[in-house]
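Each remark here refers to the structure printed beneath this line.
What follows is calculated from the coordinates using simple rules that are stated; it is not laboratory data. None of the values given here were measured: they were computed from a predicted structure. All Cβ positions, even for glycine, are placed from backbone atoms using ideal geometry, and neighbour counts span all protein chains on display.
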Amino acid sequence: MSELNKLYKKTILEHNRNPRNYGIPENWTHHAEGLNAVCGDMVNVYLTIKDDVLQHVNYSGESCAISMASASMMTELSEGLTLADWFERFEMFKLLMSKDAAEDLHYETLGPVNNLVTVKKFPSRIKSATLCWYAMAAAIKGEPTATTE
Amino acid sequence: MLRDQFPGLNIQVHGKPLVYLDNAATAQRPQAVIDAVNDYYLNHNANIHRGVHSLSESATELYEQARVSLAKLINAPSHKDLIFVRGCTEGVNLVAQTFVRNRVKAGDEILISHLEHHSNIVPWQLVCEQTGAKLKVIPMNEQGELVLDDLDQLLNEKTRFMAVGHVSNALGTINPVKKLIQAAHDKGVPVLIDGAQAMPHLKVDVQDLDCDFYTVSGHKMYGPTGSGVLYGKAEHLNAMPPYHGGGEMISKVTFDSTVYNAVPAKFEAGTPNIAGGIGLGAAAEFMMKAGLDNITQRDHELRIYAEQKLNEVSGLRVFGTAKEKAPVFSFVIDGIHAHDIGTIIDHYGVAIRTGHHCTMPIFQFFGVAGSCRASFAFYNTEQEVDVLVESLHKAKAMFT
């Protein structure tokens with residue numbers, strides 16, 4: 001069962017129980033919806049961007065623990081970053097989730113997000129973890145929706 | 001034991017014996033079906049309805065014999081009333097495009113139910129887009145049963161067709177299709193019954209039902225994937241134009257015109273899924289030998305036991321509590337998303353489906369995004385119900 005415990009680490013379960021930056025904010029400058037048509041996951045990302053800096057990052061949606069925790073950790077990591085820095089971390093995150101990547105791949109700058117590294121061993125769940133990131137990228141680019149299909 | 005004839009059940013998942021409870025997605029196949037498919041490829045591999053050589057003749061005979069077996073299984077008046085298709089999706093689309101599309105115009109209505117699988121919704125929406133017809137829906141109640149109070153208004157002078165599932169794939173509800181067909185026929189409305197989820201559980205008699213069309217999905221009734229049949233009343237099939245053009249569906253082709261072949265060949269353009277059709281025939285024979293009454297009885301026992309055990313799990317809510325239902329359980333557990341439950345119990349060998357089960361309107365009704373679905377077949381056991389329940393407790397423990 002160790003694989004299962006690695007997937008549902010304490011950090012992930014804790015973020016699922018107490019998601020950070022959860023809910024629809026009163027004001028935002030950018031928004032996009034992420035949809036996973038196959039499993040029905042949905043996440044909405046709301047951003048306040050000023051002078052190319054991510055001032056506030058919020059999200060809402062109803063989805064599994066992996067998806068909720070991933071979004072929660074993403075919002076914490078993203079706030080205060082420049083857009084260029086955020087996209088750099090997005091690229092790292094994509095590699096972290098890549099099936100071909102090393103099992104123990106770790107990026108210092110991704111902080112707690114590294115806890116998701118085990119997800120890639122559960123192929124059907126990778127999209128749960130990546131949906132919020134693609135939704136956020138879409139929001140920054142001014143696109144209304146993102147899918148992970 | 002019938003169960004012993006299903007080799008696909010004897011495997012281990014994450015070091016645990018497989019508990020296969022995703023039968024509504026696709027069933028396991030008995031050795032007889034696997035053997036029939038192998039036998040075709042090993043001993044009769046040739047195209048059908050074409051060659052004069054012996055191999056082609058024996059392949060044709062096996063394929064046509066399968067059609068006869070299926071006709072017997074659903075008590076069709078003739079095996080010629082059965083068209084081989086890829087599954088129910090193709091069967092519904094065939095009827096939508098070749099029977100219904102030409103009969104409806106703007107303002108006409110097509111009636112379906114709230115319990116339909118997307119495959120019995122979207123083909124009708126396509127016809128509505130093509131013709132300007134309107135889609136009407138028979139409502140459902142909290143128990144997941146169809147509400148027939150307003151059926152008389154729903155079936156009105158504008159109604160041109162009705163398409164209803166026999167058994168709900170998401171909730172297991174067995175719909176009163178005979179009553180619905182009678183009501184529709186009283187208004188002169190032809191009816192298609194989607195039998196995808198009924199075939200593995202119930203004795204189906206298309207003559208007794210008096211349906212105009214009935215769709216059968218092979219892989220849900222222990223046959224090969226990509227196999228299925230559409231039953232249609234001969235008078236309809238003879239009058240309908242072809243669905244696909246190609247080889248086999250013609251009698252004569254010139255560049256000026258084409259004379260179509262007789263039913264069922266008219267609807268079977270191109271080389272079909274020969275092995276799949278033969279395998280499906282073997283599945284029909286297997287079910288008749290096992291006895292549909294025995295299968296229904298075993299389903300009932302499993303349903304009662306699973307219902308009781310699942311209701312004992314605190315925080316678990318079952319959607320769909322119809323009086324008449326197949327052993328299909330859609331449920332959620334407080335505080336744990338369905339996908340997480342699916343992933344966790346998979347590690348105990350338990351295979352279930354999670355999500356919306358291609359029935360998003362049903363879950364919109366219940367106000368949730370989706371559910372876990374444990375769907376049983378006659379070969380499942382009470383002990384497997386216990387393993388399911390135990391694994392659900394493990395999932396709950398992990399999240400508290």
Just one listed residue, out of B:Gly349, B:Gly320, B:Gly367, B:Gly315, is without any contact (Cβ under 8 Å) to a residue 60 or more places away in the chain and over 18 Å from the mean Cα position of the chain (by Cα), and it is B:Gly367
Taking the stretch B:162-181 and the residues there that are more than 15 Å from B:Thr359 (Cβ to Cβ) and not charged (D, E, K, R), the one that is surrounded by the most Cβ atoms within 10 Å (Cβ to Cβ) would be B:Met162
Verdict on B:Asp35 being free of Cβ contacts under 8 Å to residues at least 24 places away in the same chain, more than 21 Å from the chain's Cα centre (by Cα) and surrounded by fewer than 16 Cβ atoms within 10 Å (Cβ to Cβ):
no
Of the candidates B:Glu116, B:Glu90, the one satisfying the condition of being out of contact with any helix residue (DSSP H, G or I) (no Cβ under 8 Å at 6 or more places or on another chain) and among the acidic types (Asp, Glu) is B:Glu90
All conditions in (1) closer than 28 Å to B:Val368 by Cα; (2) surrounded by 15 or more Cβ atoms within 10 Å (Cβ to Cβ); (3) over 20 Å from the mean Cα position of the chain (by Cα) are true of B:Asn141 except (2)
Sole miss for B:Gly291 among (1) within 25 Å of B:Asp35 (Cβ to Cβ); (2) in contact (Cβ under 8 Å) with a residue 24 or more places away in the chain is condition (2)
Within the stretch A:16-42, residues of a type outside the set (Gly, Ala, Ser) and within 20 Å of B:Gly342 (Cα to Cα) come out as A:Asn16, A:Arg17, A:Leu35, A:Asn36, A:Val38, A:Cys39, A:Asp41, A:Met42
Counting only residues in the stretch A:56-82 that are of a type in the set (S, T, N, Q) and within 12 Å of A:Asn21 (Cβ to Cβ), the one farthest from the other protein chains (Cβ to nearest Cβ) is identified as A:Ser78
Sole miss for A:Thr109 among (1) surrounded by 14 or more Cβ atoms within 10 Å (Cβ to Cβ); (2) more than 14 Å from every other protein chain (Cβ to nearest Cβ); (3) assigned to a helix (DSSP H, G or I) is condition (1)
Of A:Leu7, A:Leu47, the only residue that is in contact (Cβ under 8 Å) with a residue 24 or more places away in the chain and closer than 18 Å to B:Met398 by Cβ is A:Leu7
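One line per residue, one yes/no per condition, for (1) more than 13 Å from the chain's Cα centre (by Cα); (2) closer than 21 Å to B:Ser375 by Cα:
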position: B:Pro176; (1), (2): yes, yes
position: B:His185; (1), (2): yes, no
position: B:Pro190; (1), (2): yes, no
position: B:Met199; (1), (2): no, yes
Residues of the stretch A:45-78 being surrounded by fewer than 18 Cβ atoms within 10 Å (Cβ to Cβ) and not hydroxyl-bearing (Ser, Thr, Tyr), in sequence order, are A:Lys50, A:Asp51, A:Asp52, A:Val53, A:Gln55, A:Glu62, A:Glu76
Reported set for the stretch B:71-123 where residues are of a type in the set (A, V, I, L, M), closer than 30 Å to B:Gly291 by Cβ and not in a helix (DSSP H, G or I) is B:Ile74, B:Ala76, B:Leu82, B:Ile83, B:Val85, B:Leu115
Quiz prompt | Filter pass, A:Lys99 being assigned to a helix (DSSP H, G or I) and either within 14 Å of chain B (Cβ to nearest Cβ) or of a type in the set (D, E, K, R) (or both) | solution = no
B:Ser119 fails exactly one of (1) in contact with an Asp or Glu (Cβ under 7 Å, 6 or more places away or on another chain); (2) within 19 Å of B:His357 (Cα to Cα), namely (1)
Scanning the stretch B:330-364 for residues that are β-branched (Val, Ile, Thr), under 26 Å from B:Asn10 (Cα atoms) and either surrounded by fewer than 22 Cβ atoms within 10 Å (Cβ to Cβ) or within 12 Å of chain A (Cβ to nearest Cβ) (or both) gives B:Ile341, B:Thr343, B:Ile344, B:Ile345, B:Thr354
Looking only at the stretch B:320-332, decide whether some residue is under 28 Å from B:Lys396 (Cβ atoms) and assigned to a helix (DSSP H, G or I).
no
query = Could we say that A:Asp100 is free of Cβ contacts under 8 Å to residues at least 12 places away in the same chain and over 22 Å from A:Arg125 (Cα atoms) here?
reply = no
Can you find even one residue in the stretch B:97-112 that is closer than 30 Å to B:Ala374 by Cα and in contact (Cβ under 8 Å) with a residue 60 or more places away in the chain?
yes
Any hit, the stretch B:269-292, residues being within 12 Å of another protein chain (Cβ to nearest Cβ), in contact with a helix residue (DSSP H, G or I) (Cβ under 9 Å, 6 or more places away or on another chain) and either farther than 30 Å from A:Asn16 by Cα or not in a strand (DSSP E or B) (or both): no
